[in-house]
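Chemist: First the structure, which I've put down as structure tokens, then a few questions once you've had a look.
The values are calculated or read from the model by the stated rules, or taken from the named source; none is laboratory data. As the structure is a prediction and not an experimental result, all values here were calculated from the model. Counting neighbours? That spans all protein chains shown, and the Cβs are built from the backbone with ideal geometry, glycine included.
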Protein chains: 4
Amino acid sequence: MIIILKENTTAQELNTLAEMVKSHGVTPHITEGVHQTIMGLVGDTTRIDIESLSQLKIVEAVRRIQEPFKNANRKFHPMDTVITVGDAVIGGNSLTLIAGPCSVESEEQIISVARDVKNSGAKILRGGAFKPRTSPYAFQGMREEGIKLLLEAKKDTGLPIVTEIMDLSQLDLFDEIDIIQVGARNMQNFELLKQLGRSGKPVLLKRGLASTYQELLMSAEYIMAFGNDQVILCERGVRTFETYTRNTLDISAVPALKKLSHLPVVIDPSHAAGIADFVSPLSMAAVAAGADGLMIEVHNDPSKAKCDGPQSLTPESFDKLAKKLTSLKKIMQED
Amino acid sequence: MIIILKENTTAQELNTLAEMVKSHGVTPHITEGVHQTIMGLVGDTTRIDIESLSQLKIVEAVRRIQEPFKNANRKFHPMDTVITVGDAVIGGNSLTLIAGPCSVESEEQIISVARDVKNSGAKILRGGAFKPRTSPYAFQGMREEGIKLLLEAKKDTGLPIVTEIMDLSQLDLFDEIDIIQVGARNMQNFELLKQLGRSGKPVLLKRGLASTYQELLMSAEYIMAFGNDQVILCERGVRTFETYTRNTLDISAVPALKKLSHLPVVIDPSHAAGIADFVSPLSMAAVAAGADGLMIEVHNDPSKAKCDGPQSLTPESFDKLAKKLTSLKKIMQED
Amino acid sequence: MIIILKENTTAQELNTLAEMVKSHGVTPHITEGVHQTIMGLVGDTTRIDIESLSQLKIVEAVRRIQEPFKNANRKFHPMDTVITVGDAVIGGNSLTLIAGPCSVESEEQIISVARDVKNSGAKILRGGAFKPRTSPYAFQGMREEGIKLLLEAKKDTGLPIVTEIMDLSQLDLFDEIDIIQVGARNMQNFELLKQLGRSGKPVLLKRGLASTYQELLMSAEYIMAFGNDQVILCERGVRTFETYTRNTLDISAVPALKKLSHLPVVIDPSHAAGIADFVSPLSMAAVAAGADGLMIEVHNDPSKAKCDGPQSLTPESFDKLAKKLTSLKKIMQED
Amino acid sequence: MIIILKENTTAQELNTLAEMVKSHGVTPHITEGVHQTIMGLVGDTTRIDIESLSQLKIVEAVRRIQEPFKNANRKFHPMDTVITVGDAVIGGNSLTLIAGPCSVESEEQIISVARDVKNSGAKILRGGAFKPRTSPYAFQGMREEGIKLLLEAKKDTGLPIVTEIMDLSQLDLFDEIDIIQVGARNMQNFELLKQLGRSGKPVLLKRGLASTYQELLMSAEYIMAFGNDQVILCERGVRTFETYTRNTLDISAVPALKKLSHLPVVIDPSHAAGIADFVSPLSMAAVAAGADGLMIEVHNDPSKAKCDGPQSLTPESFDKLAKKLTSLKKIMQED
């Protein structure tokens, strides 16, 4: 961390600041220039509050050199984190397909899709029970009933389940769910993150629509700081000025997050594009960029889906895509 | 709502679609072109799910003409909503100053600031008890204790209180709080919005960092649809590529939200800029643009504030600003 | 095109509008609702000025249904455009590698890099002679001398050349250049686009940092409307709130532009990321998403490059990447 | 400037780097930490190429402390720059209104509008002769003829003229034009900036749609580095995810640019909003925030304007706004 001091800082003020930072366990190094004096802080600055420093009268600016996250940081944990749920493995050198409908709609639907995606190679079943919808007048998901149907599908196919939690009060219902999904809108719902940290259950954490890599990793850090290191990062598109696609898939998130962190990185091409035709090219791109997995919406009858129909694949097109991905993964593993 | 149909839609398919929309209580009007057929829907389309329509095989695109919100819409409620809490009035042709520290830190601090801002003309006291912080290692607020101290300050000064809720589980603690604030990160925490709708208490709803006006109004609609029409909209800066300021204050939100909705619009210049020097010009700009109120951070000793110190005004500079705002408001009311 | 009319439009006003649009050769179709009347325009609306319509007193809003570009539109030209320069072919089902240094720096450098990238499979040599630099104090390129050295490298290796023009006044110097590059900052330099349209030479048109797909295609339309259909579209990253990477590569531009247009689409992963480590994963992603080509910075000594060194590959790493891309392309062509 | 070095940098490598920076006239100060070594550069770093440094093998990152612009920097030039054209003064403690139609359309139109805006207090006439239009099929301006008509209006009213240049080749036509406008799309047309620097004529430089304050000031620096310090900065809205307004007016640009630079700052509320109703509130906001001037579109018959009609004021509404602005300016000058 570097503190840039204002021009007319006195030696005494500088000294007081130096003592203060020492009390936080870091060592100050001072560089005096003609116009500018700089104090470099050496040591673990993770717990130093950059805003507290910035507000001091003698401080012009503070710049971080080290990342403010520690548990999620590859520098302190060079090996890939590998998360195992049932027969599925996420992270390391594997490619994990997570598939299923946007919303659970009926027992018949979820079991039919679950069997189909399992046959095509999916290792985890996704499906929404609690649905965050922009409009209060739109379908809000089957809720408790949806969770039950997902567990039926798990019993039927053996596939572990990932589904989204929308509020802490729903946590008890997630007992038998394998991976709890935190949606983009909840990425900075810090009370929820703390509780999921205490729960110890694998968490799939989606990047917020306008959240930086660092903010995503700080949210992962919340979960990890409260005792849970089973975190899967998920890029699902960010908000930009381009409106042709629903969001803009940030493909660089794959190499970037894998460089910054040891946590597995999964891509959701369905929500990013919002256009079924683009799911296949974006899935290929994600794996070619090094993603550990994909989370893809598959619906047995996309034209009748209760939400996000336009972005869902049919089981047939998912099967075709899965085959192409397998060929691609082989090339990727050749290095 | 307009449905643009694919080129080779048959007359029968068109007919089926027409019957379907009629069953939702709206009337279809068809325009057949050489390359394109268009179906206009006439009637109340608020409850029609645009995504369900988009996914139909024969549909190329769907465009909304009417806004998807109704309770919050000025078209159906032309008069300004005016919200009264204690002696404070928000909305209509008044200018309401909300002021106080970012965080409650001690009884002495909050009472001292409350008295100061009251003397300068503030009508409502703000102060954070539960603080959303990006880092799990940063100060998280005094929580329950902070709420108690805010109520002490209310007793002392008579000022009504606005403070932020971070999770539904905290709701009981907000019984005597006058206005519940929903932070930018929780703007689409729909379970929270529903419950606040049921609570009937005034809600100050902050716009999310990357949320459109329409999404903000849809979140207000959630609260209103569940029975609560006491909603104050708050613009606090959006996220852009510019990093010199913490966020980019979207000043056009004032005329835009007031055109689209009858709800009062308040500006938070402190969080938008993140720089104390800019609070005064941005406050003046907000009132000149027609804002109903301002929410400003004031700290008796900004250089020792536990959070957001750099953006807080001193009581002296707040007092000076309040005087300038009063002169400005006079001009604004002359029309 | 759909015109949404204001609520109290009279029959006579509506009639006048209908006559006006007929005079532009399109047919109006009117849908009258209780609150809203809509006029659909059927026919070629490319030349109708949406802003002229919007400003009419009786008009509330105008929405386009058809794209405003025609020459660049796949709907009117379903077959892929294929551009041939020397032995290189861009578009169709091929994968064209364009490689070379950011800046031409010396005869030795450009010829050495040209030979290296040719041996690795590059079909076109890139190299900057005129360099757009944010700072007036930074190296501005070798200019005329740089063009000469590029032509030396062409003579030596037979590789066709692509290099950037910065101003119309430089056009004469580009006589023997094979493909003229228009940089992101000049994407809407309309006078330049018109002249390049008249020139008939292949143009590589980079997407602006904050330009939509439609704006990129409208700039291509400028070139095409002035008589030149040899346009290559290039995505090179857009500007977002994320600052870890220099720009955010919009990988969805590949399927989106190929759906909207018949023009070839090339990706520049070097400028998008600004980090050499990410060039390889982003290149793989681009080809997996269906790109027709890649434009990659390669420098024989990146640590001494006069500009953009951090994002350049060494000839060795380019060679390794080219091999991986060849394996990937094979899978892509299997469908 | 601070150079953050990679972990295993040797003493010798560090020494070589230190010698190199000394050769640029700056003094290196080294801070060695356990994991990280930092080199602070003391002196004038304006001409040091941050990219050249970043690319060195031993360098992890480089951070600027000082701004990279010097001529435009308030630190080196604390007094406001005041620009005088004819009777108009821009900068200092005045408020300058620039008004006129988007496009020059006829002698009658431009003279009529010029007289009207002059009567209402405008000091400078604006009007487009060369019009940058997204579509090649839209009206491109009256070009040479438009310039002539502007000069007629100048003769008639005595108002100095500001109008946009689109290409260097048009420069000769601007001989009698008082202020040359560089549009948002040309903000980084560096060849144009250099030539305008050499011309010595006042330049109104619009901020690009996705350009940072620093980039805008670097473009001003281009003009100033080539000998012309008559630069007026103009904020006209940036591109964000919000589509209700055409662009998002960044009101913080006023205090920010005035803090960073001594150059006058003018706001264009017409282009920012794209909605005539918002021009008045945004104009008031701009002046309340401290802007030196406003550039407003006024058309005698907005519903027949050939471009940008929907955002133009009528002479009557401009007159009303000008009166309100005068009252506001009085308050602003009271401090």
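Chemist: So is residue C:59 under 34 Å from the mean Cα position of the chain (by Cα) and not basic (Lys, Arg) or not?
Modeler: It is false that residue C:59 is under 34 Å from the mean Cα position of the chain (by Cα) and not basic (Lys, Arg).
Chemist: Would you pick out the residues in region C:206-222 that are farther than 23 Å from residue C:134 by Cβ, of a type in the set (A, V, I, L, M) and facing chain D (nearest Cβ under 9 Å)?
Modeler: Within region C:206-222, just C:218 meets the criteria.
Chemist: I've got another one for you. Closer than 26 Å to residue B:259 by Cβ and within 12 Å of chain C (Cβ to nearest Cβ): is that true of residue D:302 in this structure?
Modeler: Taking the combined requirement at face value, the residue satisfies it.
Chemist: For residues that are part of a helix (DSSP H, G or I) and either modelled with pLDDT under 95 or of a type in the set (Ser, Thr, Tyr) (or both), tally how many sit in region A:280-306.
Modeler: Here the count works out to 5.
Chemist: Among the candidates D:105, D:145, which residue alone is surrounded by fewer than 17 Cβ atoms within 10 Å (Cβ to Cβ) and among the charged types (D, E, K, R)?
Modeler: D:145
Chemist: Mind listing whichever residues of region A:140-165 are over 20 Å from residue A:98 (Cα atoms) and out of contact with any strand residue (DSSP E or B) (no Cβ under 8 Å at 6 or more places or on another chain)?
Modeler: Listed by number, the residues that qualify are A:140, A:143, A:144, A:145.
Chemist: Being at pLDDT 80 or above and in a helix (DSSP H, G or I) is the filter here; which residues of region C:43-58 pass it?
Modeler: Matches in region C:43-58: C:53 only.
Chemist: Hey, another quick one. Is it the case that residue A:223 is over 18 Å from residue A:96 (Cβ atoms), modelled with pLDDT of 95 or more and either outside the structural domain of residue A:89 (by TED's automatic domain parsing) or in contact with a strand residue (DSSP E or B) (Cβ under 6 Å, 6 or more places away or on another chain) (or both)?
Modeler: For residue A:223, the condition - over 18 Å from residue A:96 (Cβ atoms), modelled with pLDDT of 95 or more and either outside the structural domain of residue A:89 (by TED's automatic domain parsing) or in contact with a strand residue (DSSP E or B) (Cβ under 6 Å, 6 or more places away or on another chain) (or both) - is met.
Chemist: Conditions first: (1) within 14 Å of chain A (Cβ to nearest Cβ); (2) under 30 Å from residue D:260 (Cα atoms); (3) touching a strand residue (DSSP E or B) at 6+ places or on another chain (Cβ under 8 Å). Residue B:283 passes all but one, so which condition is the exception?
Modeler: The failed condition is (1).
Chemist: Select the strands (runs of 3 or more DSSP E) contained entirely in region B:85-181, then report the ones holding at least 2 residues which are under 30 Å from residue A:166 (Cα atoms), away from chain A (no Cβ under 14 Å) and free of Cβ contacts under 8 Å to residues at least 60 places away in the same chain.
Modeler: B:161-165
Chemist: Tally the residues that are within 17 Å of the chain's Cα centre (by Cα), more than 7 Å from chain D (Cβ to nearest Cβ) and surrounded by fewer than 24 Cβ atoms within 10 Å (Cβ to Cβ), restricting the search to region B:244-258.
Modeler: Number of matching residues: 2.
Chemist: Tell me which residues, restricted to region A:259-279, are more than 8 Å from chain C (Cβ to nearest Cβ), surrounded by 24 or more Cβ atoms within 10 Å (Cβ to Cβ) and closer than 24 Å to residue C:217 by Cα.
Modeler: Within region A:259-279, just A:279 meets the criteria.
Chemist: Is it the case that residue A:72 is under 23 Å from residue B:132 (Cβ atoms), small (Gly, Ala, Ser) and either in contact with a Cys (Cβ under 6 Å, 6 or more places away or on another chain) or more than 7 Å from every other protein chain (Cβ to nearest Cβ) (or both)?
Modeler: yes
Chemist: For region A:59-69, name all the residues that are touching a helix residue (DSSP H, G or I) at 6+ places or on another chain (Cβ under 8 Å), surrounded by fewer than 18 Cβ atoms within 10 Å (Cβ to Cβ) and either modelled with pLDDT of 85 or more or part of a strand (DSSP E or B) (or both).
Modeler: A:61
Chemist: Given the criteria buried (at least 22 other Cβ atoms within 10 Å of the Cβ), in the same structural domain as residue D:82 (by TED's automatic domain parsing) and touching a residue at least 40 places away in the same chain (Cβ under 8 Å), does residue D:192 qualify?
Modeler: So residue D:192 fails the test.
Chemist: Right, next: For region C:87-100, which positions are of a type outside the set (A, V, I, L, M, F, W, C) and modelled with pLDDT of 95 or more?
Modeler: Matches in region C:87-100: C:91, C:96, C:100.
Chemist: Within region A:191-219, can you find the residues that are touching a Cys at 6+ places or on another chain (Cβ under 9 Å) and assigned to a strand (DSSP E or B)?
Modeler: A:204, A:205, A:206
Chemist: Does residue C:254 meet the test of being under 19 Å from residue C:92 (Cβ atoms) and assigned by TED's automatic domain parsing to the domain that holds residue C:103?
Modeler: For residue C:254, the condition - under 19 Å from residue C:92 (Cβ atoms) and assigned by TED's automatic domain parsing to the domain that holds residue C:103 - is met.
Chemist: Where residues in region A:12-42 are at pLDDT 80 or above and at the interface with another protein chain (Cβ under 7 Å from one of its Cβ atoms), which of them is surrounded by the most Cβ atoms within 10 Å (Cβ to Cβ)?
Modeler: The qualifying residue surrounded by the most Cβ atoms within 10 Å (Cβ to Cβ) is A:40.
Chemist: Test of understanding: among B:9, B:81, which residue is within 14 Å of chain A (Cβ to nearest Cβ), polar (S, T, N, Q) and either assigned to a loop (DSSP other than H, G, I, E, B) or surrounded by fewer than 21 Cβ atoms within 10 Å (Cβ to Cβ) (or both)?
Modeler: B:9
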